[in-house]
Amino acid sequence: MASPDPATDAWWRGAAIYQIYPRSFADSNGDGVGDLPGITARLDYVASLGVDAIWLSPFYASPMRDFGYDISDYRAVDPIFGTLEDFDRLLDRAHALGLRVVIDQVYSHTSDQHAWFRESRSSRDNPKADWYVWADPKPDGSPPNNWQSVFYGPSWTWDGRRGQYYLHNFLSGQPDLNLHNPEVQEAVLDVTRFWLDRGVDGFRLDAINFAMHDPSLEDNPPVAPSAVKRRRTFDFQHHFHNQSHPDIPAFLSRIRALTESYGGRFMVAEVGGEQADREMKLFTKGPDRLHSAYGFNFLYAESLTPALIRHTMTLWSGEPGEGWPSWAFSNHDAPRHVSRWGAGRDPEAAARLSMLLLVALRGNIFLYQGEELGLPQADVPFERLQDPEAIANWPDTHGRDGARTPMPWRADAPHAGFSTAEPWLPIDAAHPARAVDRQEADTGSMLHFTRRIVALRRREPSLRSGIVRLLDVPAPLVAFERGEGEARLLCVFNLGDEPVDHGLAAGWRIFESTGAGATAERLAPLSGYLAKVS
């Protein structure tokens, strides 16, 4: 493959991007934790999948209370992952293989160990006193308002140095930056520039709708009572004031202007929460905001239904000025979809169906490491848990550790070839049988299927960037066309547990399917096909 051309501004439109969680991908030095040299050594494998880019979850200096999303130095690599020189070697190797490199940027908060916060908390009149969100207590000493953090409990922590509370929408060790402050925006833009100068091809902006709060500190209103059990205090409120401030898009335009000066770069927002559909559109609207937004519509869905697919696809009509969506079925925060959607069903069929569906969606697609192997959610016993939310809410929590266990590379090797030492999270007993070496040797495996259909997406302009038109078919079927005219493709899926008779209209021929059982006359349970005009 040719090296990426920075002048190609729209390489990202319709791209397939492979997410790597560095702690769990490949360990090169035998300490049980994945690292940057380990990733570099496996980039040939990633390139063989036919993806356009990789997205690296955080590898920055961090006390690791939230495993890298609590950054203590934006410009440094944490020693557990390697060095800046290791990152440069990874970047060079990826580019030599034709892979772009997208990295996480966390602008809504830092670690409480960051030098900025240490200075900010030292007094009320230091140069960085207003770089974070500080507020006086109520007369009785309680927090300034009722805001609740995502993980658990109030989003305010008392600091005796200043005699004030500081805001943290996540862990108490993740204080919120005050991005209303122009100096903070400039500092963040300097961080962006640092990584652009090193040659990265884009950024995923983590939790970007938490980047600015309502300075009036108005209470959030409660949500209506529900029969659904709420696992977190966060779930008791509408989050109208602790996040989603209307000044966020203007800040995003500043970042876009900077990245445009480098050419060929890509920015995607992570946007979750009850206002996500609106904010995804808002953050990507027009030519001066982000290129794409990363949706959660599928990530926490307990089941895959025609209604979910149809609703999600209609959110992005392709009207002029509209942004471009990105989709994922699994990631480092969400339980693996093969287990969510395939529970009690054929897991191999569920994996193939969902991969073919993902490839057929309009927008960018993200594949999470191990998805190409059909890995199920791992079972992590309590004594091995690392995720602070899972530990705090055990056993009534999904947790994140089960999606973060190490990649299985060699079925018969110690620790499935991930490391020579006991990994930071255990290898699930079901994963070695689905290891890379086993599937490489089987041309009918999920791995080979993934390579084939990702290559198909890259080859077919209708799949990569064509329009989408939903078709009226009865559940449990879902069907849509991609593209226009003679180049259009028909995509049909049976999401149910029973076979469905479905006659393919005259003038069409199937050219790709999930395998046996997906024919022109009948669709087996959890099967699908793509057809062309014959």
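Structure data summary
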read-out: Over the range 324-458, equivalent-ellipsoid semi-axes from the Cα gyration tensor in Å; value: 25, 20, 13
read-out: Kirkwood hydrodynamic radius of the range 439-490, from inverse mean 1/r over distinct Cα pairs, in Å; value: 12.7
read-out: Whether the range 189-242 is rounded, prolate or oblate, judged on the alpha carbon gyration tensor where a/c under 1.5 counts as rounded; value: oblate
read-out: Rh by Kirkwood over Cα pairs, then Stokes-Einstein D for the range 69-182 at 1.306 mPa s and 10 °C, µm²/s; value: 99
read-out: Loop sites in the range 175-278: trypsin sites (Lys or Arg not before Pro), DSSP, at most 12 other Cβ within 10 Å; value: LYS229, ARG230
read-out: Protein accessible area in the chain, 1.4 Å probe - carbon and sulfur %; value: 53
read-out: Cα centroid separation - the range 142-167 against the range 297-329, whole Å; value: 35
read-out: Förster-model FRET efficiency, 22 Å R0, GLN275 and HIS311, C-beta, rounded to 0.05; value: 0.85
read-out: Distance between the range 334-372 and the range 399-432 - C-alpha centres, whole angstrom; value: 20
read-out: Cα-based Rg of the chain normalised by 2.2 N^0.38 Å, two decimals; value: 0.97
read-out: Anisotropy class of the range 1-132 from Cα gyration tensor, a/c 1.5 cut; value: prolate
read-out: Accessible solvent surface per residue of the range 134-286, calculated while the other protein chains remain in place, 1.4 angstrom probe, Å²; value: 39
read-out: Rounded if a/c under 1.5, otherwise prolate or oblate - the range 201-284, Cα gyration tensor axes; value: prolate
read-out: Neighbourhood net charge (14 Å Cβ-Cβ; Lys/Arg +1, Asp/Glu -1) for GLY34; value: -3
read-out: Between 0 and 90°, nearest 10: helix 182-198 axis offset from the chain longest Cα axis; value: 40
read-out: For the range 248-401, convex hull volume per residue from C-alpha positions, Å³; value: 148
read-out: Two-decimal ratio, the range 388-534, of alpha-carbon radius of gyration to 2.2 N^0.38 Å; value: 1.38
read-out: Helical mean residue ellipticity (222 nm; -39500 (n - 2.57) per DSSP H run of 4+; nearest 500) of the chain; value: -7000 deg cm²/dmol
read-out: ³J(HN,Hα) computed for each position of the range 252-265 - Karplus, 6.51 cos²θ - 1.76 cosθ + 1.60, integer Hz, glycine/proline x; value: 4, 5, 5, 5, 4, 4, 5, 5, 4, 5, 9, x, x, 9
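The values are calculated or read from the model by the stated rules, or taken from the named source; none is laboratory data. This is a predicted model, so every value here is computed, not measured. Note that each Cβ is placed from the backbone with ideal geometry, even for glycine, and that neighbours are counted across all protein chains shown. Heavy atoms of the whole protein, side chains included, go into the accessibility calculation; ligands, DNA and RNA do not. Shrake-Rupley method; radii C 1.70, N 1.55, O 1.52, S 1.80 Å.
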